[in-house]
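Worksheet: the structure to be examined is printed underneath.
The values are calculated or read from the model by the stated rules, or taken from the named source; none is laboratory data. Computed from a prediction, not measured in an experiment: that's the story for all the values here. As a convention, Cβ positions derive from the backbone with ideal geometry for all residues, glycine included, and neighbour counts pool all protein chains shown. Calculation scope for accessible area: heavy atoms of the full protein, side chains included, ligands and nucleic acids excluded. Shrake-Rupley method; radii C 1.70, N 1.55, O 1.52, S 1.80 Å.
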Amino acid sequence: MLKYSLPALAIGFVLDLLIGDPICVIGNLIAVLEKVIRKIFPKNHGGELTGGFLIVVLVCLFSGGVPLLVLYYLYRYLPVAGFVLEVFWCYQLLATRSLKDESMKVYDRLKNGTLDEARYAVSMIVGRDTRELTETGVTKAAVETVAENASDGVIAPMLYMAIGGVPLMFLYKGINTMDSMLGYKNDKYLYFGRIAAKLDDVANYIPARISGWLMVAGTVFTGMDTKNAAKIYKRDRRNHASPNSAQTEAAMAGALDVQLAGNAYYFGKLYEKPTIGDPIRCIWTAQCGDPVRIIKVTINTDRRMTNDKTHTWRRRI
């Protein structure tokens with residue numbers, strides 16, 4: 001199966017760029033399972049932890065097991081059909097095009113619309129409260145989510161695809177989607193989503209660090225501040241409650257010579273967060289497009305490294 005994986009990855013990547021990311025059935029499965037499991041288990045800390053563990057097991061079995069079984073039988077009896085399906089699933093799970101489109105919607109509303117429209121556009125891709133954000137705050141939120149999702153939505157899935165084909169890529173997507181939907185630290189999900197969040201931290205630990213260094217390397221080809229990107233990455237890559245989120249945000253902040261992160265409101269509550277980067281320049285509207293340029297170069301670098309070695313929607317912040 002793996003000998004077909006890299007060609008499928010290449011074609012699926014192109015389809016993703018041209019067409020975009022379709023609606024994934026995993027999110028609907030998680031929503032349905034959450035409703036059912038919450039009705040079964042008691043509404044206390046132990047019950048929520050147990051229910052959260054059960055939903056993680058079920059989603060992982062579904063997201064990794066179903067593609068594995070389907071592709072196994074197709075490659076055994078209809079290899080061409082297996083290859084076509086693997087390409088299609090690869091297209092489904094990569095988020096390069098949607099990452100670009102959603103971030104540029106924010107840029108368009110900042111440039112050609114109103115501040116309220118820009119706040120609404122950025123609220124579609126971040127989890128923080130956006131109603132009181134200034135233009136600078138909207139721009140910073142967009143840059144941060146592009147930086148983090150470069151790893152979660154593009155580079156990490158590609159790495160897992162290269163290692164274990166679409167089944168492993170699907171498994172990763174299931175884990176990441178659970179974290180996106182259940183991994184909040186509020187009263188509703190503090191216990192129910194804890195296992196999903198911890199598993200996502202493990203799944204993204206290595207990809208996030210690879211992504212950070214690839215992003216630093218990508219600045220060489222975009223004319224951005226490579227020296228500062230490396231400096232801020234080394235210094236601030238741990239300035240986040242998550243062990244992974246600051247990896248790419250630090251590289252991006254250094255590349256743009258801006259300061260990211262800091263305090264933010266979630267569900268009406270202020271969360272104090274350390275800053276990432278130095279305010280060498282004020283972050284401004286046009287920079288919404290700069291992270292996309294870095295991501296494109298980073299992805300191409302990642303693909304070249306993967307090929308040389310093997311020879312064969314979204315985290316809401």
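Here the stretch 165-263 exposes an accessible surface that is 60 percent carbon and sulfur, computed with a 1.4 Å probe and the other protein chains kept in place. What does the C-alpha gyration tensor say about the overall shape of the stretch 81-139? Classify as rounded when a/c is under 1.5, otherwise prolate if a/b is larger than b/c, or oblate. Judged from the Cα gyration tensor, the stretch 81-139 comes out prolate (a/c at least 1.5, a/b above b/c).
Computed over protein heavy atoms with a 1.4 Å probe, the accessible surface of the stretch 41-142 works out to 51 Å² per residue. Of the peptides 242-255, 205-218, the ranking by mean beta-carbon count within 10 Å, highest at the top, reads 242-255, 205-218. Peptide packing: for 233-240, 43-50, 126-133, the average count of neighbouring Cβ atoms within 10 Å per residue gives the ranking 233-240, 126-133, 43-50, highest mean first. Counting only aspartates and glutamates at least 8 places from Lys39 when in the same chain, those with an alpha carbon closer than 16 Å to its own are Glu48. For the stretch 27-69, the Stokes-Einstein estimate of translational diffusion at 4 °C and a viscosity of 1.567 mPa s comes to 119 µm²/s, using the Kirkwood hydrodynamic radius over alpha-carbon pairs. From the Cα gyration tensor of the stretch 132-215, with a ≥ b ≥ c the square roots of its eigenvalues, which class applies: rounded if a/c is under 1.5, or else prolate if a/b is larger than b/c, or else oblate? The shape class here is oblate.
What a 1.4 Å probe finds exposed on the stretch 28-129 is 68% carbon and sulfur by accessible area, rounded to a whole percent. Across the cross-link table entries Lys188/Lys231; Lys105/Lys173; Lys105/Lys273, which are compared at the Cα atoms, the separations over 28 Å belong to Lys188/Lys231.
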